[in-house]
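Student: Just passing along the structure, written as structure tokens.
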Amino acid sequence: MKIVMLTCYDALTATLLADCGIDVFLVGDSVGNVKLGYKNTLPVTMDDMIHHTKAVARGNVGKVKIAADMPYKSYEDNATFAAENAKKLIAAGADYVKLEGGREIMDSVKAIIGAGIKIIGHLGLMPQSIEKIGGYKIQCRDEESRKKLLEDAILLEQAGVSMIVLEGIPEDAAKTVTEKLKIPTIGIGAGRYCGGQVLVSDDMLGMFETFKPKFVKRYANLAGVIKQAAKQYSKEVKEGIFPEEENIYK
Ligand code: KIV
């Protein structure tokens, strides 16, 4: 059975989604773009991630596993610092921490696993490297980068990583990695052959009106529903229709 991962950033949504067949809530650093109004994930801090991880853990009545992203500059340069930050996310309620990168972050990966913490890897399109790669572009289109992807995935598996998110890569590249690994891959824009799928909840629920990446399927149109409700509320207040009899204390 495929693994179902979905981003979640707050307590109410965690409670709503607790019994919907989601295996893992990802408290993604996409909270930066999706909820905090940043243009990418780079400004997201450890404090932001702890705050949102605690909220999701409080709302998680169904006891879905929680993965928390380690934000930019919280793990790349210093393995001891990385393990300390990973512990803080676990203390906030996460079952896993997620890190972007392969061979270049191996010291941090080993230090975190050495501290008894489970890791989800993240390869392919890595949003924390957006400035280095020059935008949200599909990765691993050439042989050399596919080879590096596979090598990095194997290194992460050998280091003891529990699963690997593969983002923004051609389906056949994700298939090759998935077939070579014993641990599951979780795809986002990586086609059908991964061991599971992850989407940003606000994408999947249709909260963004203007832009829909090709890999996203909208299962609802919440933007439309929310705007319609707000317009109706505004109209009814202005016209004195709301509050009605049933909304009044006598
Ligand atoms: O932060 C996030 O939402 C993610 C997903 C895109 C996998 O890392």
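Student: So which residues in the range 150-177 are over 16 Å from K110 (Cβ atoms) and either away from the ligand (no atom under 16 Å from the Cβ) or without any contact (Cβ under 8 Å) to a residue 12 or more places away in the chain (or both)?
Tutor: L150, E151, P170, E171, D172, A173, K175, T176
Student: Another question, then. Give the residue, chosen from V64, V56, that is within 13 Å of the ligand (Cβ to nearest atom), out of contact with any His (no Cβ under 7 Å at 6 or more places or on another chain) and under 25 Å from V4 (Cα atoms).
Tutor: V56
Student: Quick check, is T53 under 14 Å from the mean Cα position of the chain (by Cα) and without any contact (Cβ under 8 Å) to a residue 60 or more places away in the chain?
Tutor: So T53 fits the description; yes.
Student: Any residue that is among the polar types (S, T, N, Q), touching a strand residue (DSSP E or B) at 6+ places or on another chain (Cβ under 8 Å) and within 15 Å of the ligand (Cβ to nearest atom) - is there at least one of those in the range 74-84?
Tutor: no
Student: When you check I188 against the structure, is it within 16 Å of the ligand (Cβ to nearest atom), at pLDDT below 95 and either in contact with a Gly (Cβ under 8 Å, 6 or more places away or on another chain) or more than 15 Å from K98 (Cβ to Cβ) (or both), yes or no?
Tutor: Judged against the criteria, I188 is not a match.
The values are calculated or read from the model by the stated rules, or taken from the named source; none is laboratory data. The model shown is predicted, which means the values in this text are computed figures rather than measured ones. Counting neighbours? That spans all protein chains shown, and the Cβs are built from the backbone with ideal geometry, glycine included.
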